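Notes to accompany the following structure.
Quick note: the coordinates plus some simple rules give every number you see, no bench work behind them. Quick caveat, the model's predicted, so the values are computed rather than measured. Positions of Cβ are backbone-derived with ideal geometry, glycine not excepted, and every protein chain shown enters the neighbour counts.
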Amino acid sequence: MTEVQLLEYVVSTAFLTATLVTIALTVLSMALGVLGGLLLALGASSRFAVLRGVVAVYVWLFRGTPVLLQLIFVFNVLPLVGLRFDSFTCAIIALSLNEAAYMAEIIRGGLLGVDRGQRTASHMLGLTRVQTMLHVVLPQMVRLVLPPTGNQLIGMLKTSALASVVAVQDLLLVAQRTAAGNFDYVNALLAAAVHYLLLTTLCTLLVHAVEVRMDVSRKAQRRQRQETRALVAEGGRR
Amino acid sequence: MSEILIETQGITKSYASTTVLSDVSLRIHRGECVVLLGPSGAGKSTALRCLAGLEELQAGSVVFQGETFVTPEGTHRHLRGAIGMVFQQFNLFPHLSVLDNVALAPRRVKKVALPQARRQAEELLDLVGLGNRRGYFPHELSGGQQQRVAIARALAMEPTLMLFDEPTSSLDPEHTREVLRVMRQVIDLGMTVAVVTHEMSFARQSADRVLFMDEGRVVEDAPAARFFTAPQSARARAFLREEDE
Ligand SMILES: Nc1ncnc2c1ncn2[C@@H]1O[C@H](COP(=O)(O)OP(=O)(O)OP(=O)(O)O)[C@@H](O)[C@H]1O
Ligand SMILES: [Mg+2]
């Protein structure tokens, strides 16, 4: 292993482009997964038994089979029924369908975590169901699901590497090709590892930053600091 | 007596095999302060929730402002905040500041513009003595302060009836006094209120009428003065003896 070669790989155009592909895969799959998970979770708490049943089957199916299988299935079976997508799109479809099942469970838990009294109070104030969801339940649910969603995001960064099996030019595939082409497995794979580590670290920091922003007690502390400053300034003027 | 604001006509409420309210008829007149008393499990909270339209009925109906409001078929009217409710557990919105807790419903339900909703909320917070806590979040307030915000929040929808379900039972004596003082103020503004409470002194001082409940029935319905000096039923006498101890 030579440090120079490793560094060259890390900053090479091929690896940087591949990193962007991995980021795109992760962000798009995660965004669609969260959206799908939200819809599924709302379905799971619906009044209609049929809808609840559909959601239960979906979650059972996608959590009970390997993502890799789902990915290969999407890649090979959709064309048979006339749906042709490039491999990147196939990866997004498979990863987000899978993610939606996990996010559904997380969001369902978050919705249950919001006290029933909140809905009763909203109802008595005259808010409609939709308004209650939008202004009372969802904002509280988001705070509850943020930590597990952060974990899912980091998981997705790593799971996205599976897309390499359907020839998406992501970090892992580029690393493997570089490795095979140059007979240099150590440096090429380490270069990919460096990028993954940077990305997961960045995600952790990002999630933490969002949590801080949303934390009500931090907002309260900010206000208290402002008040103290205002008081001090006022005292200084006198 | 003045006009009937809300009444229940022979309502029955049961869960599976247990009957919680059986054939309860009660009325509350405009401007009146009615206190519901009775031992634990008597059905006081359930009666209040029925008035609020929060419970499905097995029989009977609730009539509000002369219109059918609840029947066993369901709820027939959108109140849009016309009945305010104050809960034992406050149920403030933890993610919103005190000011936004009060301003939320007028903004969203009545479509009041934000500056006006905030101004109105400020006035209500002044009324309950929390004008200096506008920017605070619920978790920064004492229980008594939270309950006063909850009262302001309900008042913001300009209700015609306010229901209080044991509003002070999770509070210490000092905070209980604060909240009762604000409730007194609300009554003095002419609000019609129904209160479930174990605060006998409040009931003695503020109630126009007492509904004494036991085992899912209204056992005694009497002007407060008479209820406390000359209770008619043996159960009410026993209840008052115990509360006095
Ligand atoms: N969701 C429910 N399922 C089954 N039984 C219930 C339910 N809610 C209330 N009950 C029963 O209904 C009865 C009356 O309850 P309620 O809460 O109205 O009494 P209460 O007079 O308010 O008592 P307390 O003074 O303890 O608050 C109780 O026996 C209670 O166990
Ligand atoms: Mg009760």
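In chain B, the longest principal axis of the Cα atoms and the axis of helix B:234-244 are about 40 degrees apart. Straight-line cross-link reach from B:Lys13 at under 19 Å between alpha-carbon atoms covers these lysines, not counting any fewer than eight positions away in the same chain: B:Lys44.
Taking Cβ atoms as reference points and 9 Å as the exclusive limit, the residues near A:Gly37 contribute a net charge of -1, counting Lys and Arg as +1 and Asp and Glu as -1.
Size check on chain B: the Cα extents along the three principal axes, sorted descending, read 53, 44, 37 Å.
Computed over all pairs of different Cα atoms, the Kirkwood value for the hydrodynamic radius of region B:74-198 is 14.5 Å. Computed over the Cα atoms of the protein assembly as shown, pair by distinct pair, the Kirkwood hydrodynamic radius stands at 26.7 angstrom.
Using only alpha-carbon positions, what ratio does the radius of gyration of region A:1-131 give when scaled by 2.2 N^0.38 Å?
Rg over 2.2 N^0.38 Å, computed on Cα atoms: 1.46.
Near A:Thr26, once Lys and Arg are set to +1 and Asp and Glu to -1 for all other residues with Cβ below 15 Å from its Cβ, the sum equals -1. The length gained on full extension between A:Leu69 and A:Asp215, counted as 0.36 nm times the residue separation minus their Cα-Cα distance, comes to 48.7 nm. Distance distribution note for region B:1-123: the fraction of Cα pairs above 21 angstrom is 50%.
What translational D, rounded to a whole number of µm²/s, comes out for region A:148-228 from Stokes-Einstein when the hydrodynamic radius is the Kirkwood one over Cα pairs, at 4 °C and 1.567 mPa s? Diffusion coefficient, whole number: 85 µm²/s. The calculated 222 nm mean residue ellipticity attributable to helices in chain A amounts to -27000 deg cm²/dmol, summing -39500 (n - 2.57) over DSSP H runs of n ≥ 4 and dividing by all residues.
Gyration tensor over the Cα atoms of region B:51-113: the corresponding equivalent ellipsoid has semi-axes (square roots of 5 times the eigenvalues, largest first) of 28, 15, 9 Å.
Computed over region B:164-245, the P(r) curve from all C-alpha pair distances, binned at 10 Å from the origin, holds 16, 49, 31, 4 percent per bin. In region A:79-238, Rg over Rh equals 1.17, where Rg is the alpha-carbon radius of gyration and Rh the Kirkwood radius from pairwise Cα distances. When every Cα-Cα distance of region A:1-46 is counted in 10 angstrom steps from zero, the calculated P(r) takes the values 24, 26, 20, 15, 11, 3 percent.
Helix A:171-182 axis versus longest C-alpha principal axis of chain A: approximately 20°, rounded to the nearest ten. Averaged over the residues of peptide A:125-134, the number of Cβ atoms from other protein chains lying within 10 Å of each residue's Cβ is 5.
Per residue of peptide B:92-99, the mean number of Cβ atoms on other chains within 10 Å of the residue Cβ is 5.
Sparsely packed loop sites in region A:155-238 (the chymotrypsin sites (Phe, Trp or Tyr not before Pro) outside DSSP H, G, I, E and B with at most 16 other Cβ atoms within 10 Å) comprise A:Phe183.
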